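Read the structure below first, then the notes.
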Amino acid sequence: MEAKDQETITLKNLRESANLTQPELSRRMGVGIRIIGDWERGESIPRFDRVIALARELGVPLKTLARCMGLDVAKIPDDLQALSVLHLSAEVKNLELVKQASCIGAENSQEKEKSPLRLLREQAGLTRPQVKQHIGVSERMQADWESGKSMPTVENVAALANLYQVSLKTMFELLGLDVTKIPDDLPSREPSSKDN
């Protein structure tokens, strides 16, 4: 029964559980009430920066929020299970220190050009053509994401998290978003035969 209840969670339920009205959430997030209504009816999906703000305002994990938006998050690891990315996070932080320390000397360094998304793709042992086969996004678009020229949609962030086997919270953090004050995902429970 619990797994079935989890599947029927809606954005409206989450908002009401947080004791917020549409106008209150609209004001707190700086978006129109109609936009909140569109999200709740599933007519549109918020941009990734608004997903972060929405998760923070509602006090829910990113995976829960993505699930209620209809995104397939079943194979995305929970935050507490995604500890294999820790060495990547350390590598990314070291890369940022290198960039800050020597802007002139490291300009031609290939390591300077490696973004967190590229490091994640390489850690997964994938090339851009392979990622294209899995999620249907052009190599040019991937290059733009990796260089910071553009950002993936929420749907693409979920697809990348699934492909790279990292949590949504980790993906958003690697994209440079502040994910503090967003609860961690709770470990998923596989539905048992009793749930059917």
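The values are calculated or read from the model by the stated rules, or taken from the named source; none is laboratory data. If you're wondering where the values come from, they're calculated on a predicted model, not measured in any experiment. Reconstructed Cβ throughout: ideal geometry from the backbone, glycine too, with neighbour counts over all protein chains shown. These accessible areas exclude ligands, DNA and RNA; they are computed on the full protein's heavy atoms, side chains included. Shrake-Rupley method; radii C 1.70, N 1.55, O 1.52, S 1.80 Å.
Using mean Cβ contacts within 10 Å as the protection proxy, how do 155-165, 131-141, 45-55 order, highest first?
The most tightly packed comes first, giving 155-165, 45-55, 131-141.
From the protein chains alone at 1.4 Å, what is the descending order of accessible area for R121, R56, R27, largest first?
Descending order: R27, R56, R121.
Too long at a 22 Å Cα-Cα cut-off: which of K114/K149; K75/K169; K149/K181; K63/K149?
K149/K181; K63/K149
What's the magnitude of the charge dipole for the stretch 113-156 around its Cα centre, counting Lys and Arg as +1 and Asp and Glu as -1 at the beta-carbon? Answer in Debye, nearest 20.
Around 80 debye, computed over the stretch 113-156.
Over the heavy atoms of E24, what accessible area does a 1.4 Å probe trace out, to the nearest 10 Å²?
60
Mind checking the full-extension length gain between A18 and M141? Use 0.36 nm per residue of separation minus the Cα-Cα distance, one decimal, nm.
40.6 nm is the gain from fully extending A18 to M141.
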